[in-house]
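Participant: I have a structure I would like to understand better, so I am pasting it below and will then ask my questions one at a time.
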Amino acid sequence: MNPPNLITFSIWVGVIQAVMDLYVLSRWTSFVRGNDMNRWWYRSSWIVAAVMFCIYWYVVYRRHFFRMDGFDVFLFGIVTLWTLPKIGILPVLLIRDIVQGIRWIVGKMRRPAAKVSPVETQATHDGTRRAFLSKAGWATAVVPYAMVGNGMYRTLYDFKVHRIDVPLPNLPKAFDGMRIVQISDVHAGSFPDHRPFQEARRMIDELKPDSIVITGDFVNALPRELTTLGRELELLKAPEGVYASLGNHDHYNTAEEHRQLIKAIEDRGIDLLVNRHRRLSIGNESIVIAGTDNTGFKQQYARLGSTLDGVSENDAVILLAHDPTYWEKAILGKTPVGLMLSGHTHGGQFGVNLLGFEWSPAQYVYKQWAGLYRTGSQYVYVNRGLGTVGPPLRIGVPPEITEITLRRA
C-alpha cells in the first residue's frame, strides 16, 4: 500500500467510524430516553464522539505528513478504545433492529382479532421482558471495551519468548545447538518512545543468542520512524552477527526515502541481506544465512537466484523472507533452504490462545500464519511480530521474541 492508497484507506476508516458512531449512538439515545434517564447520558456521548472524530483526523494528518510522536500514538490509542469495541456492539444492535422490524411487519399483516382477549397483560409482560433484555444488552457492551482496553494497555507490550528446536539435515556438527533469536515487524512508528523496545532488547540480551535476525517491516513507511527507538537497534549484539531482511512496509516510501531507510538500518550495525547471503563458519564447517527482499501482495522484489548464488544442495540454509506465502511459492521443494524465517501476519493481532488452542482471523488469510510449519525436511517459522499496524492493540496475540535452537537431523 503506497502513501496515496494509505490516505484513501484512512478516509474510508474515518467514514466507517462516523457511520458506526451515528448508528450506535442513535440507539443509545433511544435507550436513554425510553428509560427516562438523565439526558446527559447521551449528550455527553455525542460530545465525546465529535471530539474523537476530530482527533482521528488530526492523527491521520500527523501520520501522513509528520512522524507520529508518543502523544500522537496515545491519541490514536484513545480513538481506538472509543471506536473498535463498536464492531462487537454493532451486530447485536443490527440483529435486534431487524427482529423488531420483522415483528412490526408481521403485526401489521395480521388481521384484528374478532373478540377481546387479555392483550394488555401480554403486552405488559412482553414490554417488561424487552426492557430487561435491552438493559442487559447495554450492560454487556462493557465487555468489548474491557477486551480492547486490556489489549492496548497490558498485552500490547507484554513480550513473550517462544522457544523451538528445528532439526536440519545438513547442519554441521559445529552448529548443533546454535541459538538464533528472531524478531519481526518492528514497525518503529507504532511505539510511543524507545522504552517498550528497550524492554524487548533487554530480554534478547538475557537469552544470549549466537545470532539475531530481524525479518522485515522496520517502519510503517518513513525512515525517520527509526529515531523513535533511539539507540536500541544499535545495541542489539550477538557473536555471529545481526542480520535482517526487508518487509512490505519498508517499501511504502519514495526511492530516496527507501535509500535513507537502508542506510539507517545498516548504520546501526545490522547486516541487511537484500537478495544476498552470508556464510557463517566455525573451523572448516559453515552454514548459510540468506535474505530476500520482500515478495508478496503487489510486491515482487525477491531475486532468489542472486540470493542463493554459490549455495550448494549440501549447505544448511536459513532464509529470511518477510512474507510467509513465499515459502510455498518459491522455496518448498525447489531450493536447499531448510528453514525459512518470516513475519508479516502479526498473528492477526487478535485471537484466542487457550489451553493449547490457538485461533485468529489471520489463519483464513494465510496458510502459515503463526508458529512452526513443516513439510518433509523443510520448515518455515512465522513470527507474530513486535509492533503493530493499524489499531495499537493486541488481544490474545502478545508480541513475540523467538529463540530458535538448531539441531542436527
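Participant: List the residues, sorted by chain then number, that are 5 or more residues from E400 or on another chain and whose placed amide H is less than 5 Å from its amide H.
Facilitator: Those qualifying (amide H under 5 Å, at least 5 residues apart or on another chain) are K160, R384, G385, L386.
Participant: Hey, another quick one. Taking only the alpha-carbon atoms of the stretch 155-263, what semi-axes of the equivalent ellipsoid follow from 5 times the gyration tensor eigenvalues under a square root, in whole Å, largest first?
Facilitator: One finds semi-axes of 27, 17, 12 Å for the stretch 155-263.
Participant: Relative to the longest principal Cα axis of the chain, at what angle does helix 40-65 sit, 0 to 90 degrees, rounded to 10?
Facilitator: Around 30 degrees separate the two axes.
Participant: Still on this structure: Pop out the ³J(HN,Hα) list for the stretch 12-28 in order, Karplus 6.51 cos²θ - 1.76 cosθ + 1.60 with θ = phi - 60°, rounded to Hz; leave Gly and Pro as x.
Facilitator: Karplus values, whole Hz, x for Gly and Pro: 5, 4, x, 5, 4, 4, 5, 5, 4, 4, 4, 6, 4, 6, 5, 5, 5.
Participant: Treating the angle as unsigned and between 0 and 90°, give the value, to the nearest 10°, between the Cα long axis of helix 142-153 and the longest Cα principal axis of the chain.
Facilitator: 20 degrees
Participant: Next up: Give the angle, between 0 and 90 degrees and rounded to the nearest 10, that separates the Cα long axis of helix 70-83 from the longest principal axis of the Cα atoms of the chain.
Facilitator: The angle comes out at about 40 degrees.
Participant: Given the rule -39500 (n - 2.57) for each run of at least 4 DSSP H residues, summed and divided by the residues of the chain, what is its mean residue ellipticity at 222 nm, to the nearest 500 deg cm²/dmol?
Facilitator: Estimated from H runs of four or more residues: -13000 deg cm²/dmol.
Participant: Restricting to Cα pairs below 8 Å that are 6+ residues apart, what does the relative contact order work out to for the chain? Please round to a whole percent.
Facilitator: Reported relative contact order: 20 percent.
Participant: Please return the longest range in the chain lying between exposed loop sites, taking trypsin sites (Lys or Arg not before Pro), DSSP loop only, at most 13 other beta-carbon atoms within 10 Å, and leaving the sites out.
Facilitator: Here the longest run is 155-230.
Participant: Kindly provide the pair-distance distribution of the chain built from C-alpha pairs, with 10 Å bins from 0 and whole-percent values in order of increasing distance.
Facilitator: Calculated over all Cα pairs of the chain, the distribution is 4, 20, 26, 20, 12, 8, 5, 3, 1, 0, 0 percent.
Participant: Please list, ordered by chain and number, the residues whose modelled amide H lies under 5 Å from the amide H of G269; skip anything fewer than 5 residues away on the same chain.
Facilitator: none
Participant: Using a ≥ b ≥ c from the Cα gyration tensor of the stretch 200-241 (square roots of the eigenvalues), is it rounded, prolate or oblate, where a/c under 1.5 gives rounded and otherwise the larger of a/b and b/c decides, a/b for prolate?
Facilitator: Verdict is prolate for the stretch 200-241.
Participant: Follow-up. For the stretch 258-381, take the alpha-carbon Rg, divide it by the Kirkwood Rh, and send me Rg/Rh.
Facilitator: 1.01
Read-outs: derived from the displayed coordinates by stated rules, not from any lab. From a predicted model like this one, the values you see are computed outputs, not experimental measurements. Here Cβ is always computed from backbone atoms with ideal geometry, including for glycine, and neighbour counts include all displayed protein chains.
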